[in-house]
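The values are calculated or read from the model by the stated rules, or taken from the named source; none is laboratory data. Remember, it's a predicted structure, so these values are computed and weren't measured experimentally. Neighbour counts run over all protein chains shown; Cβ positions are idealised from the backbone, glycine included.
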Amino acid sequence: MEGMELLNFQMISNVGDAKSFLFKALKAAREEDFKAAEKLIESADESLLKAHEIHRELLQQETQEPIELSLLLMHAEDQMMSTELLRDITNEMLLVHKKYSGDDKK
């Protein structure tokens, strides 16, 4: 596996981890395990940060030499954007679950 392909797969892998953490956080919130949900969201943020670091590296490479657009890169960026949206929705759902459980002061 070559450089660009490897970076794309690393980005997809980190984003996939984040997405998995977020779905687990939604389940924990639904079960009113808010501390676990918050920890899972933090883990998702860490995985997304790793993906963003790889993405930043690709953007820096682009300033030096044009990067060939590939379906794999488009997929990686699409997965990253949709997972960022999922993170925002998960944070909102956590607040909603806290509110309706009477735990919104915590």
Residues SER47, SER43: which one is in contact with an Asp or Glu (Cβ under 7 Å, 6 or more places away or on another chain) and surrounded by 15 or more Cβ atoms within 10 Å (Cβ to Cβ)? SER47
Go through segment 6-16 residue by residue and tally those that are surrounded by fewer than 18 Cβ atoms within 10 Å (Cβ to Cβ) and not aromatic (Phe, Trp, Tyr). 4
Is it the case that MET81 is assigned to a helix (DSSP H, G or I) and either surrounded by 12 or more Cβ atoms within 10 Å (Cβ to Cβ) or in contact with a Phe, Trp or Tyr (Cβ under 6 Å, 6 or more places away or on another chain) (or both)? no
Scan segment 48-67 and tell me whether some residue there is farther than 23 Å from ASN91 by Cβ, of a type outside the set (D, E, K, R), in contact (Cβ under 8 Å) with a residue 60 or more places away in the chain and part of a loop (DSSP other than H, G, I, E, B). yes
Examine segment 20-40 for a residue that is farther than 20 Å from ASP103 by Cβ, among the acidic types (Asp, Glu) and either surrounded by fewer than 13 Cβ atoms within 10 Å (Cβ to Cβ) or out of contact with any Lys or Arg (no Cβ under 6 Å at 6 or more places or on another chain) (or both), and state whether such a residue exists. no
In the set ASP103, ASP33, ASP88, which member is within 15 Å of the chain's Cα centre (by Cα) and of a type in the set (Asp, Glu)? ASP88
Within segment 64-73, is there a residue that is within 14 Å of the chain's Cα centre (by Cα) and not small (Gly, Ala, Ser)? no
Top-ranked residue in segment 51-106 [being among the small types (Gly, Ala, Ser) and closer than 19 Å to LYS27 by Cβ; ranked as modelled with the lowest pLDDT]: SER101
